[in-house]
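Written out below as structure tokens is the structure these notes cover.
The values are calculated or read from the model by the stated rules, or taken from the named source; none is laboratory data. Remember, it's a predicted structure, so these values are computed and weren't measured experimentally. All Cβ positions, glycine included, derive from the backbone under ideal geometry; neighbour counts span all protein chains shown. All accessible areas refer to the heavy atoms of the entire protein, side chains included, with ligands and DNA or RNA removed. Shrake-Rupley method; radii C 1.70, N 1.55, O 1.52, S 1.80 Å.
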Amino acid sequence: MTKKAYYDHKIKRATQMLFYRHHMKPGVKGWELKNSLGSDYPKILKVLESYLEKLDLQIKTVFEGENPSGEPTLEDLNKARFYVTVRGGLPEKDAKMMGWRIDDLAGLAAAISYIVSKKGKANREEVEDLLRSKLPGWRVEINISRYIRSGYLGEDEHNQLYLDWRTRAEVDQKAMVKLLLLK
Amino acid sequence: MSKKEKLSVDHIQRVIELCKSVDEQGVDPFSLDIDEIITTLQQYFPELESPEEMAIDAEAVQCLASVIQNQGNWVKYRSTSLYTDPFLLEDKINRLKKEDFIEVFTKVWTPVIEMEQLSISYLAEAMKYWDSLVPIAERWQNDGPIEVQTGTITREELVRQKILVEKTFIEELVASWVQLKQKVGENRKILYWDFIGCDTFNETLDRAYMTSFLVTYGYATLELHPLDEEVFIIPFTEPRLEMSDRHLVSVPISISFDEWIRWKEEKLNDKKSLL
């Protein structure tokens, strides 16, 4: 097999693994990519990403725990989760196409910003009170449960809400805080 | 627990609750005076004696370590680029309209792409599974309660099924006592295992069970020879009911299957030697 054919085959395999849902959550773990593509899978992902860039898509890496300082090692990558996400932002009207009402999305944004302002954890009641100030009361609890089910927020045993895997994969928190402060 | 010890334990419990509020209710970890808490724990430590009190002290130290960790996380968070004055951010959140939130969020939101699709091979596997699946009516068969006709049963049948006993307990006890006296005969006493040992292990256990009551209720007594490792039972000619009023001492005697087997073998060997 030529080198090009080898990489073509690997890239196709990587595309299937990343785009198609295999588990409860989308995306794929680094070690799964390693098992399927070999330990040079970061190189294969880089090549794939160059194709995806033309489609305004990207491969996002979400590390287990804290982001490693400096260049991540192969071990860090093996434990991380890889997703394909949209590269640039979305027009507001397209959010509706993704199954989100404008109110619900606003509530999600407010909840995420509030949790960020509280250093990553906020009491569920406080978040509900915040949302109730701008959204109909009966929708607030439904929405928070939806955010938790979708993976944007998590709730621990002490009713503290925190930012869960989907927020870490989809939302640029730093940029969001900056934009909010500029408003 | 003395009054002083109770006060120490109460104070330590309050320290634990205070430390837990940092984790559970998001209280500012820097609002706790760690030095003062450590001094308090050191002050109460010499008064703690029981393992439960020590465990409470250990829990307090663990909770304190968690508070210090939270302080470390706070400093680490503050030093990252994500840090912003929380009051300013909170103020902004309260003042912004929902349209502003949408505008900001859609600029920073990059949703995950996920697709689901059936393949021919998986469909084929699913069809194979469907064909082999037993109908639900068969799988979830509910038999319901069985109708039973009412009838009669004799006392003998109840005794045979061990629902009723043939004799009362006292009758059984007296019968055992008579049996013991018959077996002892002219001798004053009999070896314990020679009396309780039977052809089956179950019968041996029953006999040992009744023997324990014979001794407890004053129908017989035990004679122990610890050096020879022998135990004798001595039946009384008349039950001594005053024995049950006196302070009794427990004598544990092991009745294991292995010991019964050993007794049986010894008895067989004795029989063979006589022949």
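Per-structure values
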{"quantity": "A:MET24, B:MET115, B:MET210, B:MET127, ranked by accessible area, largest first (probe 1.4 Å)", "calculated": "A:MET24, B:MET127, B:MET115, B:MET210"}
{"quantity": "Pairwise FRET efficiency - B:GLU59 versus B:PHE257, Cβ, R0 = 41 Å, nearest 0.05", "calculated": "0.30"}
{"quantity": "Orphan Cys of the protein assembly as shown, criterion: no other Cys C-beta under 4.7 Å", "calculated": "B:CYS198"}
{"quantity": "Degrees between helix B:3-24 axis and first principal axis of chain B (Cα, 0 to 90, nearest 10)", "calculated": "50 degrees"}
{"quantity": "Accessible heavy-atom area order of B:TYR219, A:TYR83, A:TYR6, highest first, probe of 1.4 Å", "calculated": "A:TYR6, B:TYR219, A:TYR83"}
{"quantity": "Radius of gyration and maximum dimension Dmax of the stretch B:87-237, Cα, Å", "calculated": "40.3, 110"}
{"quantity": "Rel. contact order, % - alpha carbon contacts under 8 angstrom, at least six apart, chain B", "calculated": "11 percent"}
{"quantity": "Under-5 Å amide H pairs with B:THR221, H placed in peptide plane, nonlocal only", "calculated": "B:ILE234, B:PHE236"}
{"quantity": "Average beta carbon contacts from partner chains per residue of B:35-46, 10 Å cutoff", "calculated": "0"}
{"quantity": "Chain A - percent of accessible surface contributed by carbon and sulfur, probe 1.4 Å", "calculated": "53 percent"}
{"quantity": "Computed [θ] at 222 nm, deg cm²/dmol, chain B (DSSP H ≥ 4; -39,500 (n - 2.57); rounded to nearest 500)", "calculated": "-18500 deg cm²/dmol"}
{"quantity": "Angle between chain B longest axis and helix B:98-108 axis [Cα atoms, degrees, rounded to 10]", "calculated": "80 degrees"}
{"quantity": "Across A:LYS60/A:LYS93; A:LYS29/A:LYS54; A:LYS79/A:LYS174; B:LYS167/B:LYS264, pairs whose alpha-carbon gap is larger than 26 Å", "calculated": "B:LYS167/B:LYS264"}
{"quantity": "Angle in degrees between helix A:3-19 and the longest Cα principal axis of chain A, rounded to the nearest 10", "calculated": "20 degrees"}
{"quantity": "Solvent exposure, largest accessible area first (probe 1.4 Å, DNA, RNA and ligands not counted), of B:TRP263, B:TRP130", "calculated": "B:TRP130, B:TRP263"}
{"quantity": "For the stretch B:123-243: accessible area per residue (Å², 1.4 Å)", "calculated": "78 Å²"}
{"quantity": "Summed buried accessible surface, chains A and B, 1.4 Å probe, nearest 100 Å²", "calculated": "4600 Å²"}
{"quantity": "Residue-level accessible surface for A:LYS46, protein heavy atoms, 1.4 Å, Å²", "calculated": "150 Å²"}
